[in-house]
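Single-structure report; data block below.
The values are calculated or read from the model by the stated rules, or taken from the named source; none is laboratory data. All figures in this text were calculated on a predicted structure; none of them were measured in a lab. Backbone-built Cβ (ideal geometry, glycine too); neighbour counts: all protein chains shown.
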Amino acid sequence: MAGLNGVTISILLFGIGLLGVIFRRDLVVKLLALGLINSAAILCLVSLGARPDGAPPILVPPTATAIVDPLPQAIVLSAIVINFAILALALVFVMLLVERYHTTDSHRIERETAAEEEPWD
Amino acid sequence: MRRAPIGLILAGFGLTAAFCVVVLLGFGFSAPQGAGVERSPDVDRWIEVARQTGAVNVVSAIYLDARLFDTLLEVLVFAVAVLGVRFYLTARGRAEPVESIPESSVVRVAANILLPLILLVGIYITVHGHISPGGGFSGGVIAGSGLLLAAIALGTDAVAARFSRRLSDRLEWGALLGILLVAAVPILFGRAPLSNLLPAGIPGRIGSGGSILLYNGLIGLKVFIGSWVIVRHFVDHRGDI
Amino acid sequence: MGLILLPLVRFLFGGLSIASGRTSRLFGVLALAVDAVLLARLALALAGGAPSVLVVGGWDGGLGITLVGDRIGLTFAALAWGLGVAVVLYTWKDALRPYFFMLLHLLIGASYVLVFTRDLFNAYVILELLTLASFLLVGYERRPRQIWASLRYLILCSLGMSFFLLGIAVVYYHTGSLDLAEISAQIAADPGSAWVRLAASLLIGGVAVKAGIFLFSLWLPAAHARAMPAVSALLSGLVIKMGVVQLFRLSEVFPVGLTFTVLGMTTGLLGIVYAVQTYDVKKLLAFSTLSQIGYLLIGFGAGTAAARLGALDYAVAHGLFKALLFLAVGEASRIVGTSDLRALILNRNSIPTATRVALIVGTLGIVGMPPLAGFAAKAVLGSGLHPTAFHAAVALISVGTAVSFAKILPLLAARSSGRSAWNHIAAYSWLGGGVVLFLPLSAAIVPRSLLSATWQWPAYVEAFAAILVGLGLHRLLRNRPFQLPRRIFCIEEGTLVVLAGFFLVYILLQFA
């Protein structure tokens, strides 16, 4: 069916992104993988709108008989901007962390934060 | 660097693979051909929506009229992102100005020629958002990329001289307030807030679509200035691009 | 119209707060006053008959966003308002930038939308806005440990919201609509389909990251413990409840009874186990939040009206006394200079009287001493739980809460010196008043017939027994520290645990 290939690819990308967040230690790569996860979810939603022989949803009369579903395209606009905002701010935070700990390795930051942790924890 | 324990690796790959399989099954096999394909509104419904708003681009009609609330919230998210970048980077203090490597004259001349064209394309796409694909977000991003090109090729100081700090901050904040006010203004006319106030007009012309044009313009301005403000803050507090 | 004016006005004030410098506080007060009027109008409309329904922009429900001002929504909107008052009071004298107030307005305005919305994608956008505002607030003081805690929060919440978006995709694929009412109708017509379970597990797994459920919200202890006191109060009191409200809305649509009760028991018990062994007061409060969400989930999952309304009642009660505790503990930690419980106990005479009273009221509330907030809500909740397994779980969690809070007792019995600032006293009185006078407040949330559970003797026996057993257990366990796995709070393991939690929910849903 028309949209299912896009959906399959998006789920595979989602899985790759998940592996990236879990296994890569560099914070910037983790954020890239998170961006991949978000983009994959967006791709999934947009691919659902695909229709066989669908025309773009610009309805200048006389209109086509079948158009692609415009609703997913409209709602992912919000999702894209939100993901952009989150990525930008996360990068700023990574910058602040690098300034303090001089590394982007999440394990090292974890260890140094735990070392600074109060001993009564 | 220690390796991740073998249990973690197995669990990670296993769970991720299982996740992909489960979700794909949920999309593929539980309903023949995906019932949503039949259940989503058909073309007549979208024609009705387009007729009501006056915008021929149905996607614009949806996210700038029917679901305007979500777009408003997302503009707020964008504004908070710009403010957040400013707040967190100003804590670090100004970076020393880095000696910027001057670009070759070919790049500079080309940037000087291209910049007005890029800005024009951005404005065109913003203004025609309700007639053809585009809108405030894409147009604003295109115009913002033009400024970024100018900043890389001509130097950030050259661009910052045109867009002073106060001007860009005021414009950005003004665009946000403008969007909120345009959303609230229908109350004065007795209509529900966030509804389309201006007349629908002739479909296909620029003057159609009611307040969609207004929203597109304001959002385009906001994204344009917002992306420039983010770049400027990064440059101010880290050196040069 | 009030339904949409409420958040719009808040956002307008938020936008204005950035421009002004000195008048941010006045804008805060003004915004709260305007909100009070709008909320009162909505409450009157509700009392008059049908809840107000609004489709934003005047479109019909299938395409537009539906907001319904029902009793539950109004209750949580009032909670958001009340916590807003407390935070504005508490931070009155602090030198806070206008940026803080903008984030505060955004947080409260977003909460106003989430409690009323009946649209899935609107919920997604609002949850992301809440994530953004709260993670910026956690990192407000820009200290490295706060930055790391909030970055972990952000990564996990963003992951959760991606699950939610995938869930929306599955739902849209199969129903063609984003409106909860329409989705509910289509699911009711065909409840056994496989896609319902997949969508439910994706949606619930996504929201669970924000809602404070143990397996999913492993970012919570670090983030709540390291943030500013006012921010911790808002996070534990309000933002978590927003996740819970969304879970409640989802529970009305999807068949999640068994899942919620199992999740509730897991988070209740695991949270308590961690709370018992920590000696950092703020982490204690954070873990206890994780565990108290267990009550709410058990109540939603049990299915009876008494259990659900009791759970919502408890959510409000918890918002009040947890915020009170965080504010009081914040002040005490600031005065003593540390949040180590043992150091606090050593220096307990330097804690001002008002703070100590606030701590007493908060602790009594959370352990369920009659007739305060926790007891009243738990009684209503308990009256709706018929299988004894659920009742036993709730009782066990109550005992655990008493055990973990028994450590604070030496702090409460002290000779205090010094005075708190007037604004702190005002904030404590506002919240403490809510905790103490909770029974009359519950009358607005719970119908009179269910409220009768609060003056029947089994509830009192249970409450006192839980407290006494808890005190006894604390004596036994006091000198036997035990080690618990800490690695799960790191980011990689945290992500894996979220994935595992998703599968747990998915498997549980197969038995629904």
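Residue C:52 falls short on exactly one of the conditions (1) within 14 Å of chain B (Cβ to nearest Cβ); (2) out of contact with any Pro (no Cβ under 6 Å at 6 or more places or on another chain); (3) of a type in the set (S, T, N, Q); (4) under 30 Å from residue C:97 (Cα atoms), and that condition is (4).
Can you list the helices (runs of 4 or more DSSP H) found entirely within the stretch C:153-239 that contain at least 2 residues being buried (at least 24 other Cβ atoms within 10 Å of the Cβ)? So the answer is C:194-211, C:220-226, C:229-234.
Among what's in the stretch C:137-151 and is closer than 14 Å to residue B:88 by Cα and within 8 Å of chain A (Cβ to nearest Cβ), pick the residue that is surrounded by the fewest Cβ atoms within 10 Å (Cβ to Cβ). Of everything passing the filter in the stretch C:137-151, C:142 is surrounded by the fewest Cβ atoms within 10 Å (Cβ to Cβ). Against the test of being within 14 Å of chain A (Cβ to nearest Cβ), over 20 Å from the mean Cα position of the chain (by Cα), farther than 30 Å from residue C:11 by Cα and modelled with pLDDT under 85, the options B:95, B:158, B:91 yield a single qualifying residue, B:95. Residues in the stretch A:8-24 that are farther than 13 Å from residue C:491 by Cβ, more than 7 Å from chain B (Cβ to nearest Cβ) and of a type in the set (Val, Ile, Thr): 2 in all. Does residue C:468 satisfy the criteria of being surrounded by fewer than 14 Cβ atoms within 10 Å (Cβ to Cβ), at pLDDT 85 or above and within 29 Å of residue C:273 (Cβ to Cβ)? Spelling it out, residue C:468 is indeed surrounded by fewer than 14 Cβ atoms within 10 Å (Cβ to Cβ), at pLDDT 85 or above and within 29 Å of residue C:273 (Cβ to Cβ). The set of residues in the stretch C:252-264 that are more than 17 Å from the chain's Cα centre (by Cα) and either among the hydroxyl-bearing types (Ser, Thr, Tyr) or farther than 25 Å from residue C:129 by Cα (or both) comprises C:255, C:256, C:257, C:258, C:259, C:261, C:262.
Filter the stretch C:83-97 down to the residues that are assigned to a helix (DSSP H, G or I) and of a type in the set (A, V, I, L, M) and list them by number. Quick ask: steps written out before the conclusion?
Start the filter on the stretch C:83-97 by keeping residues that are assigned to a helix (DSSP H, G or I), which leaves C:83-90.
Those that are assigned to a helix (DSSP H, G or I) and of a type in the set (A, V, I, L, M): C:83, C:85, C:86, C:87, C:88, C:89.
Counting only helices (runs of 4 or more DSSP H) wholly contained in the stretch B:1-64, the ones carrying 3 or more residues that are crowded, with 16+ Cβ neighbours inside 10 Å and either modelled with pLDDT of 80 or more or small (Gly, Ala, Ser) (or both) occupy B:6-28, B:58-61. With respect to being within 14 Å of another protein chain (Cβ to nearest Cβ) and within 21 Å of residue C:284 (Cβ to Cβ), residue C:339 fits the description. Looking at the stretch C:298-374, the helices (runs of 4 or more DSSP H) lying wholly inside it that each contain 3 or more residues that are charged (D, E, K, R) sit at C:305-336.
Is it true that residue B:220 is on the phi < 0 side of the Ramachandran plot and assigned to a loop (DSSP other than H, G, I, E, B)?
Working: on the phi < 0 side of the Ramachandran plot: yes; assigned to a loop (DSSP other than H, G, I, E, B): no.
No, not satisfied.
One line per residue, one yes/no per condition, for (1) closer than 15 Å to residue C:160 by Cα; (2) outside any helix (DSSP H, G or I); (3) hydrophobic (A, V, I, L, M, F, W, C):
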residue: C:99; (1), (2), (3): no, no, no
residue: C:103; (1), (2), (3): no, no, yes
residue: C:107; (1), (2), (3): no, no, yes
residue: C:125; (1), (2), (3): yes, no, yes
residue: C:128; (1), (2), (3): yes, no, no
residue: C:131; (1), (2), (3): yes, no, no
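Of the residues making up the stretch C:147-198, just one is in contact with a Leu (Cβ under 7 Å, 6 or more places away or on another chain), hydroxyl-bearing (Ser, Thr, Tyr) and within 18 Å of residue A:35 (Cβ to Cβ), namely C:158.
Take residue C:134 and tell me if it is more than 10 Å from every other protein chain (Cβ to nearest Cβ), buried (at least 24 other Cβ atoms within 10 Å of the Cβ), modelled with pLDDT of 90 or more and closer than 22 Å to residue A:96 by Cβ. Yes, satisfied.
Within the stretch C:85-105, the set of residues being under 17 Å from the mean Cα position of the chain (by Cα) and either of a type in the set (Asp, Glu) or over 13 Å from residue C:428 (Cα atoms) (or both) comprises just one member, C:104.
Residue count for the stretch C:48-82 satisfying the condition of being assigned to a loop (DSSP other than H, G, I, E, B) and among the aromatic types (Phe, Trp, Tyr): 1.
Tell me the residue from B:168, B:227, B:164, B:211 that is more than 10 Å from chain C (Cβ to nearest Cβ), small (Gly, Ala, Ser) and touching a Lys or Arg at 6+ places or on another chain (Cβ under 8 Å), please. Even if it seems obvious, please write down each step before you answer.
Values: B:227 fails: touching a Lys or Arg at 6+ places or on another chain (Cβ under 8 Å); B:164 fails: touching a Lys or Arg at 6+ places or on another chain (Cβ under 8 Å); B:211 fails: touching a Lys or Arg at 6+ places or on another chain (Cβ under 8 Å).
Of the residues listed, the single one that is more than 10 Å from chain C (Cβ to nearest Cβ), small (Gly, Ala, Ser) and touching a Lys or Arg at 6+ places or on another chain (Cβ under 8 Å) is B:168.
When the stretch C:38-86 is filtered for residues that are at pLDDT below 85, crowded, with 21+ Cβ neighbours inside 10 Å and farther than 24 Å from residue B:194 by Cα, nothing remains.
Could you please let me know if residue A:67 is touching a Lys or Arg at 6+ places or on another chain (Cβ under 9 Å) and facing chain B (nearest Cβ under 7 Å)? Walk me through how you get there before you give the answer.
Details: touching a Lys or Arg at 6+ places or on another chain (Cβ under 9 Å): yes; facing chain B (nearest Cβ under 7 Å): yes.
Here the answer is yes, as residue A:67 does meet what is asked.
If you take the residues in the stretch A:78-121 that are modelled with pLDDT of 90 or more and of a type outside the set (A, V, I, L, M), which one is farthest from residue C:161 (Cα to Cα)? Of everything passing the filter in the stretch A:78-121, A:93 is farthest from residue C:161 (Cα to Cα). Among the numbered conditions (1) facing another protein chain (nearest Cβ under 10 Å); (2) surrounded by fewer than 19 Cβ atoms within 10 Å (Cβ to Cβ); (3) farther than 20 Å from residue B:120 by Cβ, the only one that residue B:199 does not meet is (1). Pairs meeting the criteria (first residue in the stretch C:183-209 and within 22 Å of residue C:159 (Cβ to Cβ) and more than 8 Å from chain B (Cβ to nearest Cβ), second residue assigned to a helix (DSSP H, G or I) and among the β-branched types (Val, Ile, Thr), beta carbons under 6 Å, at least 6 apart or on different chains) are C:201/C:505; C:204/C:505; C:205/C:505.
Consider the stretch C:364-405 and keep the residues that are surrounded by fewer than 24 Cβ atoms within 10 Å (Cβ to Cβ) and of a type in the set (S, T, N, Q). The one that is farthest from the chain's Cα centre (by Cα) is C:388. Of the residues making up the stretch C:1-47, those that are farther than 20 Å from residue C:102 by Cβ and either outside any helix (DSSP H, G or I) or of a type in the set (Lys, Arg) (or both) are C:1, C:41.
Suppose we filter A:41, A:33, A:90 for residues that are more than 9 Å from every other protein chain (Cβ to nearest Cβ) and crowded, with 18+ Cβ neighbours inside 10 Å; which single one remains? Even if it seems obvious, please write down each step before you answer.
Working: A:41 fails: more than 9 Å from every other protein chain (Cβ to nearest Cβ); A:90 fails: more than 9 Å from every other protein chain (Cβ to nearest Cβ).
Exactly one of A:41, A:33, A:90 is more than 9 Å from every other protein chain (Cβ to nearest Cβ) and crowded, with 18+ Cβ neighbours inside 10 Å, namely A:33.
Scanning the stretch B:223-241 for residues that are assigned to a loop (DSSP other than H, G, I, E, B) and either of a type in the set (S, T, N, Q) or in contact with a helix residue (DSSP H, G or I) (Cβ under 6 Å, 6 or more places away or on another chain) (or both) yields one hit, B:241.
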